Amino acid sequence: MNITPAYLDALQAFGYTEQEARFLYIVATHSGYFVARQFLAFTAAHWGKRTTAFWSKLHTKKHARTECFPKSGVVYHLFSRRLYRQIGRENLRNRREHETEFIQRRIAMLDFVLANLDAFYLETEPDKLACFGDQLKIPPHYFPSKTYHGQQTSQPTVRYFVDKFPMFLSVPFPTPVVTFTYIQGAEATLTEFVHHLEVYLPLFRQLPEFRFLYLARNDCHFDKAKELFNSLVTIPLESNSSEDLLRYFRIRNAWDLRQYSALVENDLIFRNQAHTRFAGNRFEHLYRGWKAKRVTDANIREELGGNDLPHTTHFAAQVLVQLRGPDAKQEANA
């Protein structure tokens, strides 16, 4: 992570040390919220005079407020418009107040960033627009977006990549491979994850190669998340996926009807391979609809889409651990 020296100088002008300035820049850019254990882990500091002085600066200068939550303990929120303005982040929504679930996810995002400081992050909306638009020449209508409506007299504002999940480049320009991340929240289902993939799919279609990292505090959803990514992203991006699926349905239907004489050895080999490739509830639902003639071949071709571009996708799931400082026992509830 390369931080512009001028931004660090601006934060140090408030009276923060260089290390404190670096930490505040990362928090302001990636989360807006942090807990004590994250500051202790970043600075390798112990509870004491140094940390007390840092908290005192934040409150005296009115750069941060503290909020207390039953499960998260004391949370620090950087809210000062002046502080954000000094690092070119005045328009970030991180400085605004949010609900508990949002805050917990932001703290998880900060855990990831602090554990991966060497990554080349696309930190802001302009950074992402420059990467995908200017460098990769992808039109903006493929980007995930959200329209905000202000007063009746003002024009609607279109914002891109509003989820703010960490995004970074695995190799440098001119041929970057982007790694997208998704951080599972406290919700028990993967409905939001499905929506996230659907929103990003138009952009994924324009990339010859990309990586996707699913992050969660535990591994209970890992298998299902991989299945969903495969069915909603990997398979639709394969240029012949719709025709392969239709062939699989025809062979499977003939087998179900015990029309064994209509099948040759290559059909059976293909069926066994396709059974694994097209596993999951989505394809079972399509098969039942197709078999009952509620779903047509054209419906399936439209459903899976695809284009002529070759795609290489990489999916991985990872447990997101909570960073701990030297005094882990003392601040375990922070």
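Rounded to the nearest 20 debye, the dipole size of segment 148-235 about its Cα centre is 220 debye, using +1 on the Cβ of Lys and Arg and -1 on the Cβ of Asp and Glu. All Cα-Cα distances of segment 20-87, cut into 10 Å bins from zero to the largest, leave 19, 58, 22, 0 percent in each bin in turn. Normalising the average separation of contacting C-alpha pairs (under 8 angstrom, six or more residues apart) by the number of residues puts the relative contact order of segment 1-134 at 31 percent.
For n ≥ 4 DSSP H runs only, could you compute -39500 (n - 2.57) per run for the chain, divide by its residues and tell me the 222 nm figure to the nearest 500?
For the chain, the value works out to -12500 deg cm²/dmol.
A full extension of the chain between Lys146 and Ala298 corresponds to an added length of 51.7 nm, given 0.36 nm per residue minus the alpha carbon distance.
Of the labelled figures (1) 60, 41, 39; (2) 83, 43, 38; (3) 82, 48, 41, only one reflects Cα extents along the principal axes in Å as derived from the coordinates, namely (3).
Cross-link reach is defined here as a Cα-Cα straight distance under 22 Å, omitting same-chain residues fewer than 8 places apart; for Lys57 the lysines meeting it are Lys49.
For segment 23-147, with all protein chains in place and a probe radius of 1.4 Å, 49% of the accessible heavy-atom surface sits on carbon or sulfur. Between Phe249, Pro140, Ala274, the Cα set farthest toward the positive side of the dipole of the chain (charges on each charged residue's Cβ, about the Cα centre) is that of Pro140.
Averaged over its residues, the chain has an accessible area of 52 Å² per residue, based on protein heavy atoms and a 1.4 Å probe.
Binning the alpha carbon pair distances of segment 93-246 at 5 angstrom intervals from zero yields the distribution 1, 7, 16, 19, 20, 17, 11, 5, 2, 1, 0, expressed in whole percent.
Rounded, prolate or oblate: which fits segment 16-149, taking a ≥ b ≥ c as square roots of the Cα gyration tensor eigenvalues, rounded meaning a/c under 1.5, else prolate when a/b beats b/c?
Prolate.
Take Tyr121: with every protein chain present and a 1.4 Å probe, its accessible area is about 20 Å².
The values are calculated or read from the model by the stated rules, or taken from the named source; none is laboratory data. This structure is a prediction, so every number in the text was calculated from the model and none was measured. Reconstructed Cβ throughout: ideal geometry from the backbone, glycine too, with neighbour counts over all protein chains shown. Ligands, DNA and RNA are excluded from the accessible area calculation, which covers all protein heavy atoms including side chains. Shrake-Rupley method; radii C 1.70, N 1.55, O 1.52, S 1.80 Å.
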